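> Following this message is one structure expressed as structure tokens.
The values are calculated or read from the model by the stated rules, or taken from the named source; none is laboratory data. Just so it is clear, the model here is predicted, and its values are computed rather than measured. Counting neighbours? That spans all protein chains shown, and the Cβs are built from the backbone with ideal geometry, glycine included.
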Amino acid sequence: MIQIGEETYALGDPLVIAALVGAGVVLLILLLLVLAVRAAGRSARLAEPLAQQMGILGGHVQQLGLGQEQLRGGLQMVSDTQAYAQTQVIQTMEARLGAVQQQLQDRLADNAMRQNRALTEMQERMKESLHGSSKQTTASLSQLQERLSAIDKAQDNITKLSGDVLSLQDILSNKQTRGAFGEIQLNDIVSKALPSDAYTFQATLTNGRRADCLIHLPNPPGPIVIDSKFPLEAYEALRRAGSEPELKLAAGQMKTAVRAHIKAISEKYILDGETADGALMFLPSEAVYAELHANFPELVREGFAARVWIVSPTTCMATLNTMRAILKDARMREQTGAIRKTLRQLHRDVEIVVERVSKLDTHFRQAREDVEGIGIAAERAGKRAARLDNFDFEELSPEEPTNVVPLTDKG
């Protein structure tokens with residue numbers, strides 16, 4: 001490379017080679033002139049040929065000057081061409097940079113729109129979820145308030161019951177009121193334990209006897225009678241006994257009264273083909289029931305032998321719940337077709353719930369994938385923006401086309 005002022009020339013350029021050859025020729029001519037001048041003093045005879053040679057050399061020098069002018073014009077053309085090519089390259093790169101910036105802006109705007117759309121959908125889903133949670137919370141609070149109200153009512157009932165217990169002794173002291181009390185307590189227990197069409201109070205049997213309560217059980221075992229009368233006088237005498245003879249006398253009266261009551265129930269309320277093969281003797285007092293089982297187990301065994309089962313309010317409720325299960329089983333057998341249809345509908349409802357849960361899971365998974373895609377796109381956009389910020393226009397790949405005008409003439 002040869003640099004003249006601000007211009008740089010390649011050694012392989014033909015014009016540069018021609019200029020160098022011309023310069024060499026000029027130097028050679030000058031050397032010959034020097035040799036000729038030195039030889040002029042030696043031989044005057046050589047002056048005329050030397051003058052002729054000097055004229056010829058002068059012509060050559062003039063031709064070399066013309067060649068230099070042509071070389072200067074060619075170098076000026078090369079400089080102008082290079083400046084034009086640089087201008088074209090700069091314009092091309094500016095156009096490409098503008099296109100890249102526009103494309104980046106479009107992608108960023110598209111990503112922003114997608115992100116806003118995904119956030120909007122997520123907000124809608126969150127609103128729906130929060131709305132559903134609010135409804136559930138409101139329903140739970142309402143149920144809690146209802147239960148607290150029920151507890152308050154139960155507390156009031158307990159307070160009222162504590163006052164009613166004080167008058168229970170007065171009620172039980174009268175035989176007529178005691179029978180009515182037993183029937184009322186039995187009615188309350190039965191009405192709470194069984195459906196209304198499963199029992200009848202004061203039912204008349206074919207033998208003319210009136211039963212306190214008749215439970216309509218399917219065959220077997222068939223309808224079963226509950227009698228609510230009980231021998232309280234003998235129990236009260238047993239409690240009042242203060243000496244051993246009085247205790248024995250009261251115990252004997254207790255046994256006689258209970259045996260007579262068991263026999264009456266067995267004869268009046270156990271009818272072949274009409275009632276069940278047994279009946280219930282209801283004792284509305286837990287104390288009497290406990291006394292029989294604790295101190296008179298033989299009476300309980302005699303009741304079993306006579307197919308008369310002694311029950312208290314607690315055991316009567318348990319027995320009635322067992323009867324309710326029997327009635328429910330019988331009605332379920334009658335409603336087998338309806339039950340199967342309901343079960344099929346329930347199974348379909350469960351399938352619909354499973355399908356909707358699966359769809360909801362798919363929606364949540366898609367929302368999660370959209371958020372991850374937004375993050376990846378934002379990261380990619382940041383990397384591209386950083387790459388453009390560090391872009392160097394001189395680092396062009398050699399494969400990219402250039403608009404430099406060649407110096408050689410292809411024609």
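> For A381, state whether it is surrounded by 10 or more Cβ atoms within 10 Å (Cβ to Cβ), of a type in the set (A, V, I, L, M, F, W, C) and under 16 Å from the mean Cα position of the chain (by Cα).
Working: surrounded by 10 or more Cβ atoms within 10 Å (Cβ to Cβ): yes; of a type in the set (A, V, I, L, M, F, W, C): yes; under 16 Å from the mean Cα position of the chain (by Cα): no.
Answer is no for this residue.
So that you can scan it fast, the table gives a plain yes or no per residue for (1) touching a residue at least 40 places away in the same chain (Cβ under 8 Å); (2) outside the structural domain of C213 (by TED's automatic domain parsing); (3) out of contact with any strand residue (DSSP E or B) (no Cβ under 7 Å at 6 or more places or on another chain):
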| residue | (1), (2), (3) |
| --- | --- |
| E246 | no, no, yes |
| A250 | no, no, yes |
| T256 | no, no, yes |
| A260 | no, no, yes |
| I270 | yes, no, no |
| E274 | yes, no, yes |
| D277 | yes, no, yes |
| L283 | yes, no, no |
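> Sticking with this one: Which ones in the range 31-69 are in a helix (DSSP H, G or I), at pLDDT below 75 and charged (D, E, K, R)?
R38, R45, E48 - these are the residues of the range 31-69 that are in a helix (DSSP H, G or I), at pLDDT below 75 and charged (D, E, K, R).
> Continuing with this model, one more query. Name the residues in the range 363-390 that are part of a helix (DSSP H, G or I) and polar (S, T, N, Q), would you?
The one that is part of a helix (DSSP H, G or I) and polar (S, T, N, Q): Q366.
> Out of the residues in the range 311-328 that are in contact (Cβ under 8 Å) with a residue 24 or more places away in the chain, polar (S, T, N, Q) and assigned to a helix (DSSP H, G or I), state the one that is farthest from A276 (Cα to Cα).
Taking the candidates together, the pick is T314.
Matching residues to (1) surrounded by 12 or more Cβ atoms within 10 Å (Cβ to Cβ); (2) under 30 Å from V26 (Cα atoms); (3) without any contact (Cβ under 8 Å) to a residue 40 or more places away in the chain; (4) not hydrophobic (A, V, I, L, M, F, W, C):
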| residue | (1), (2), (3), (4) |
| --- | --- |
| Q103 | no, no, yes, yes |
| R107 | yes, no, no, yes |
| E124 | no, no, yes, yes |
| H131 | no, no, yes, yes |
| Q136 | no, no, yes, yes |
| L141 | no, no, yes, no |
| A150 | no, no, yes, no |
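> Of these, T92, T87, which one is β-branched (V, I, T), assigned to a helix (DSSP H, G or I), modelled with pLDDT of 75 or more and surrounded by 14 or more Cβ atoms within 10 Å (Cβ to Cβ)?
Checking each option against the conditions leaves just T92.
> Also, quick follow-up: Tell me yes or no: at least one residue of the range 228-245 is closer than 25 Å to M323 by Cα, out of contact with any Pro (no Cβ under 9 Å at 6 or more places or on another chain), of a type outside the set (G, A, S) and surrounded by fewer than 19 Cβ atoms within 10 Å (Cβ to Cβ).
Yes, the range 228-245 has at least one match.
To keep it simple, each residue is scored yes or no on (1) modelled with pLDDT of 80 or more; (2) closer than 30 Å to Y235 by Cβ; (3) surrounded by 11 or more Cβ atoms within 10 Å (Cβ to Cβ).
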{"site": "L75", "(1), (2), (3)": "no, no, yes"}
{"site": "R96", "(1), (2), (3)": "yes, no, yes"}
{"site": "T120", "(1), (2), (3)": "yes, no, no"}
{"site": "Q145", "(1), (2), (3)": "no, no, no"}
{"site": "T159", "(1), (2), (3)": "no, yes, no"}
{"site": "L166", "(1), (2), (3)": "no, yes, no"}
{"site": "S173", "(1), (2), (3)": "no, yes, yes"}
{"site": "A180", "(1), (2), (3)": "no, yes, yes"}
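> Scanning for something touching a helix residue (DSSP H, G or I) at 6+ places or on another chain (Cβ under 9 Å) and of a type in the set (K, R), does the range 241-248 turn up at least one residue?
There is no residue in the range 241-248 that is touching a helix residue (DSSP H, G or I) at 6+ places or on another chain (Cβ under 9 Å) and of a type in the set (K, R).
> Let me ask something else about it. Which members of the range 266-302 meet the condition of being buried (at least 21 other Cβ atoms within 10 Å of the Cβ) and within 20 Å of M323 (Cα to Cα)?
Y269, T275, A279, L280, M281, F282, L283, P284
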